[in-house]
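No value in this document is a laboratory result; all are computed from the given coordinates. From a predicted model like this one, the values you see are computed outputs, not experimental measurements. All Cβ positions, glycine included, derive from the backbone under ideal geometry; neighbour counts span all protein chains shown.
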Amino acid sequence: KVIQEINNFNLDINYSKIAIDVLTTGNIDGVIELVKKYLVHLSNRDYQGFDEKHLKLIFLLIVMNFKIAYTIKSEMEVQRKYPDIVLIPRENGKGYYSVSIRQIAHTYTKQYE
């Protein structure tokens, strides 16, 4: 019975839709919503010592599902700066999206204080 439940388990996450939304509009709201879904499963003890690097890892694990559309780099130098995560579109190789987890962490904390 447990195996049947595991087979029927569906997170109902459409990574392709989220990746296309990021690619076409630059909107990362879908990724932020997934981060929130993961964070609700953490306990208060999990949050002890929880900081930007933990949030960055969660975010990075989510966007790794976008590898078909993006080359994903962590802490890559871009114009003498080091964004936490850089998404470079594979299709034309032009442009990139840089993500600063500090901004996301600050926004998330502000919303839920």
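Quick notes
- 15 Å beta-carbon shell around residue 27, net charge (K/R +1, D/E -1): -2
- Fraction of the pair-distance distribution of segment 17-67 above 12 Å, Cα-Cα pairs, percent: 67
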